[in-house]
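**Student:** Just dropping this structure here.
The values are calculated or read from the model by the stated rules, or taken from the named source; none is laboratory data. Worth saying up front: this structure is predicted, and the values here are computed from it rather than measured. Because the Cβ atoms are built from the backbone with ideal geometry, glycine has one as well, and the counts that use them run over all protein chains shown.
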């Protein structure tokens, strides 16, 4: 149902580099680059992440309570993506771990622009 989600960024080149490097481990790549907006994902037929300079050209601001959740496919990939995000300049917003036993494993970061990203897995860790 979701085609893509968009987050505002301050520096397009930095954001494209951050997300293409971070998500390369789950086969995502830059799919479309159109000046103030870029789409990153596996294909144009799957859900994508868009990074953009806001249309009104005002400073982007992460929404309180807004978060993008990415399902990489395993707890090992969650751990790896969380660590890689920190290496690329993100800040930790919740270390990888079991949140609800046998139900939910997750890790949380804030990207360089402050957008909250979760990596998650449902089921036993």
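**Student:** Can you tell me how many residues in region 90-102 are at pLDDT 95 or above and farther than 21 Å from residue 64 by Cα?
**Tutor:** Adding up the residues that qualify gives 3.
**Student:** Of the conditions (1) out of contact with any strand residue (DSSP E or B) (no Cβ under 7 Å at 6 or more places or on another chain); (2) closer than 19 Å to residue 17 by Cα, residue 90 fails just one. Which one is it?
**Tutor:** Exception for residue 90: condition (1).
**Student:** Whether any residue in region 31-49 is under 22 Å from residue 106 (Cβ atoms) and surrounded by fewer than 12 Cβ atoms within 10 Å (Cβ to Cβ) is what I want to check.
**Tutor:** Looking through region 31-49, none of the residues is under 22 Å from residue 106 (Cβ atoms) and surrounded by fewer than 12 Cβ atoms within 10 Å (Cβ to Cβ).
**Student:** Being touching a residue at least 12 places away in the same chain (Cβ under 8 Å) and out of contact with any helix residue (DSSP H, G or I) (no Cβ under 6 Å at 6 or more places or on another chain) narrows it down to one residue among 119, 104; which is it?
**Tutor:** Numbers: 119 fails: out of contact with any helix residue (DSSP H, G or I) (no Cβ under 6 Å at 6 or more places or on another chain).
So the residue among 119, 104 that is touching a residue at least 12 places away in the same chain (Cβ under 8 Å) and out of contact with any helix residue (DSSP H, G or I) (no Cβ under 6 Å at 6 or more places or on another chain) is 104.
**Student:** Go through region 27-52 and give me each residue that's touching a residue at least 40 places away in the same chain (Cβ under 8 Å) and over 11 Å from residue 6 (Cβ atoms).
**Tutor:** Restricting attention to region 27-52, the residues satisfying the condition of being touching a residue at least 40 places away in the same chain (Cβ under 8 Å) are 47-52.
Correct list: 47 only.
**Student:** Filter region 54-101 for residues that are closer than 20 Å to residue 122 by Cα and either touching a helix residue (DSSP H, G or I) at 6+ places or on another chain (Cβ under 8 Å) or touching a residue at least 60 places away in the same chain (Cβ under 8 Å) (or both) and give the result.
**Tutor:** Matches in region 54-101: 68, 70, 72, 73, 77, 80, 81, 95, 96.
**Student:** Tell me whether region 5-14 contains one or more residues that are farther than 17 Å from residue 113 by Cα, free of Cβ contacts under 8 Å to residues at least 60 places away in the same chain, out of contact with any helix residue (DSSP H, G or I) (no Cβ under 6 Å at 6 or more places or on another chain) and not in a strand (DSSP E or B).
**Tutor:** Scanning region 5-14 turns up no residue that is farther than 17 Å from residue 113 by Cα, free of Cβ contacts under 8 Å to residues at least 60 places away in the same chain, out of contact with any helix residue (DSSP H, G or I) (no Cβ under 6 Å at 6 or more places or on another chain) and not in a strand (DSSP E or B).
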